[in-house]
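A short worksheet on the structure shown next.
The values are calculated or read from the model by the stated rules, or taken from the named source; none is laboratory data. Here the structure is a predicted model, which is why all the values come from computation and not from measurement. As a convention, Cβ positions derive from the backbone with ideal geometry for all residues, glycine included, and neighbour counts pool all protein chains shown. Surface accessibility is based on the protein's heavy atoms, side chains included, excluding ligands, DNA and RNA. Shrake-Rupley method; radii C 1.70, N 1.55, O 1.52, S 1.80 Å.
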Amino acid sequence: MKFGAIWLILILVGGLIPISIAQNQPNDEYLGEQNEDTIAGEIIDQLTKLSNFVDAKVKPIEDKLPPKVLENYKKAGDFKEKALSEYQNGKYIGAIQDALTAMRYYKEVLRSLEAVRETPEVLKQQISEESARVIAYFTYVEKVITIAQRKGINTKNLEKAYESTKSSYNEVLENLKAGNLENAKNSLKRARENRIELDKELRKVIAEITSKNAETLVRSFLIKTNQSLTIAEKAIEDAKTRGLNPEEVEREVKMVRSVYLQVERLAKEKKWKEALQIIRENAGKIERFFRAVENIRRENVNIMGIIETMKERIKRDATALAILKNQGINTARAELQLKGAINELFISINLLKKNDINGAAFHLQRADKLLKEVEEFINANS
């Protein structure tokens with residue numbers, strides 16, 4: 001089948017554009033380079049992600065869902081299995097059509113879940129889950145109060161907000177136990193309002209604790225930043241020798257070195273709070289600096305070496321899967337993951353040709369993740 005016909009199927013059946021197509025290449029360029037099995041592989045990969053997402057939503061409340069929703073959920077699963085089987089048997093057009101049909105059913109299930117979200121059973125579960133999460137939050141608040149009191153910080157407002165919030169959440173739980181769902185919803189609304197006030201008071205106390213720890217924080221900043229400046233300057237030199245233009249990093253280094261020198265001067269005078277204030281005022285610059293350092297370090301990674309190693313891994317894993325398949329082991333999922341890794345490697349190589357090193361590194365990381373999953377499967381079944 002011609003590529004134009006395949007694209008027409010995608011538009012008519014579901015209008016699906018695989019994520020990796022949209023992110024990395026114009027559609028016409030992609031279709032000019034790919035073949036039917038690659039396109040089918042992309043769609044199967046998207047179907048797998050969608051089905052996993054829907055499964056996570058459905059499983060916890062499956063016994064509470066209406067029959068029609070469960071029927072659509074089952075149809076989606078059936079078409080998914082059919083698409084996987086067709087893909088494995090080289091029937092790529094059929095795999096595309098059935099995968100898109102499965103996606104339509106999965107999306108219908110998601111729409112139905114929105115409609116049942118407000119049912120009493122679901123609301124009760126949501127309220128119970130939130131109440132359980134907030135218990136861990138209360139434990140954290142209690143620890144902050146204890147630390148603040150040890151440092152002589154006034155925690156009266158924080159304690160008051162804490163008690164109000166805790167009491168309102170207890171009220172939620174009591175209403176749930178009594179079966180008063182409407183009262184529980186109203187109590188939860190008040191509890192959330194109280195928690196906003198609690199968050200505000202908590203931030204104030206944490207800021208005071210931070211100020212008390214100013215000396216420790218300033219010393220830590222000086223050590224870490226000095227090390228990062230050294231790394232950045234070395235990375236800049238390496239980048240220049242490779243013909244790259246690290247102007248962005250040079251600007252960030254200049255700005256952060258200026259901040260570093262200000263903080264260092266105040267630290268020598270033991271003006272710890274003033275030094276910490278300088279750090280806070282320049283938090284954005286410092287964050288950009290560390291991000292730029294990470295980017296330039298990534299550019300200095302030997303990507304070609306990684307690509308060659310990954311090619312060898314793919315060959316080795318393909319052979320191992322073929323052996324397992326001949327032994328009667330179901331390798332369908334692992335084969336899909338291996339095909340995904342190959343596709344990610346292909347994208348990475350193309351980006352490297354365009355000198356997009358960051359993009360190439362990103363897709364190599366995705367390929368590596370897929371290969372690790374394949375290799376875990378191989379090890380578990382060998």
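Annotations for the structure displayed:
- All other residues whose Cβ lies under 13 angstrom from that of K311 are scored, Lys and Arg at +1 and Asp and Glu at -1, for a net of -2.
- Each of L173 and E376 was given a label point 7 Å from its Cα along the Cα-to-Cβ line. The distance between the two points is 3.4 nm.
- Shape category assigned to segment 84-223 from the gyration tensor of Cα positions, a/c cut at 1.5: oblate
- Computed extension gain for F53 through E130, at 0.36 nm per residue and net of the alpha carbon distance, reaches 25.6 nm.
- Extension gain for I209-E62 works out to 48.3 nm (0.36 nm per residue, less the C-alpha to C-alpha distance).
- Highest average packing first - 136-145, 338-347, Cβ atoms within 10 Å: 338-347, 136-145
- Rolled with a 1.4 Å probe across the full set of protein chains, the surface gives K57 an accessible area near 100 Å².
- Estimated inter-spin distance, I349 and E81, nm [label 7 Å along Cα→Cβ]: 3.7
- Remark: the K156-T319 segment gains 52.0 nm on full extension, using 0.36 nm per residue and subtracting the alpha carbon distance.
- Förster-model FRET efficiency, 22 Å R0, I307 and E237, C-beta, rounded to 0.05: 0.30
- Set of lysines with alpha-carbon distance to K240 below 30 Å, sequence-local pairs under 8 removed: K224, K254, K285, K311, K353, K354
- Centroid-to-centroid separation of segment 190-266 and segment 165-182 [C-alpha atoms, Å]: 43
- Model label points for E193 and K285, set 7 angstrom from Cα along the Cα-to-Cβ axis, are 4.4 nm apart.
- Burial ranking of peptide ranges 66-77, 98-109, 318-329, 359-370 (average Cβ count within 10 Å, highest at the top): 98-109, 359-370, 66-77, 318-329
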